[in-house]
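Bear in mind that the values in this text are calculations on the coordinates, not laboratory data. What you see is a predicted model; the values in this text were computed from it and never measured. Methodologically, a virtual Cβ is constructed for each residue, glycine included, from the backbone with ideal geometry; neighbour enumeration extends over all protein chains shown.
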């Protein structure tokens with residue numbers, strides 16, 4: 001089956017990926033879309049194929065391998081059909097899917113579903129950004145964590161202002177809709193402006209709120225600050241941070257409504273998932289499924305490393 005096959009629903013996907021061999025053939029077509037290669041030694045000279053349709057052998061290093069070697073699917077005992085279903089669900093629902101729901105939908109344990117979702121989030125990680133943001137960019141921070149009054153007394157940090165006791169998330173959204181988010185240690189000017197400098201082209205227009213961490217951007221950028229504390233949310237019909245704030249609303253709905261709780265340890269992975277999906281929100285469902293399969297060509301995340 002071609003990697004460009006279209007499926008507009010989970011039902012369509014299951015018709016197209018009708019059995020385990022069809023799933024393997026589809027993934028093979030995607031992984032070797034630019035030509036066959038050995039995932040063990042990198043050779044592209046000669047790959048032998050066995051009659052089972054699942055095993056291959058490199059003509060140079062002489063070792064046998066499956067198409068899953070060197071990907072997030074390596075060593076998995078979960079059928080590829082179930083992986084395809086999980087990929088559909090995590091890429092087509094804009095707030096993602098809970099591990100308890102996935103476990104029920106594809107008939108695995110909750111522990112297995114949680115592990116599968118984290119492997120898929122690892123595939124959604126953008127390890128580097130090739131081009132800086134430019135034009136008009138909105139920048140803002142938000143805080144992730146439960147309310148102090150709902151925590152056990154031993155876990156309360158005291159106070160509610162400034163995100164005390166919560167994880168800090170920083171994000172930038174350009175006018176073309178490209179989003180970048182990250183979990184940061186703090187919201188100090190050195191941290192925030194260092195991120196902006198690394199990700200935004202000089203002399204771009206930066207729109208933020210009035211937080212002191214943004215003071216000093218003017219000069220390197222055209223900086224406009226919206227004074228939320230004075231009730232200002234839009235100036236001159238075009239200066240605002242409404243776009244990035246809508247991203248934070250989506251993130252909070254994902255965490256509160258779907259996952260209920262996200263630990264600071266794994267927060268970056270949930271941000272990667274949300275950001276990956278947001279940046280492809282205008283694409284067809286089948287495109288997102290295939291693109292995540294393309295991104296799976298990286299070392300698998302082990303359960304031991306996940307819970308360490």
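A few comments on the model shown:
- Among 48, 223, 118, the largest mean-square fluctuation in a Gaussian network model of the chain, built with springs joining Cα atoms closer than 10 Å, belongs to 48.
- Residue of 134, 107, 178 that the Gaussian network model of the chain assigns the largest fluctuation, springs spanning Cα pairs under 10 Å: 107
- Taken over the C-alpha atoms, segment 136-278 has Rg and Dmax values of 15.5, 47 angstrom.
- Approximate spin-label separation residue 304-residue 197, in nm, with each point projected 7 Å along Cα-to-Cβ: 4.1
- Cα-based helix-to-principal-axis angle, 20-31 vs the chain, degrees rounded to 10: 60
- Angle in degrees between helix 242-253 and the longest Cα principal axis of the chain, rounded to the nearest 10: 60
- Rounded if a/c under 1.5, otherwise prolate or oblate - the chain, Cα gyration tensor axes: prolate
- Among 38, 61, the order by Cβ neighbours within 10 angstrom, fewest to most, reads 61, 38.
- Look at the Cα gyration tensor of segment 248-304: its axes a ≥ b ≥ c give a/c of at least 1.5 with a/b at or below b/c, and that counts as oblate.
- Among 89, 46, 173, the largest mean-square fluctuation in a Gaussian network model of the chain (Cα springs under 10 Å) belongs to 46.
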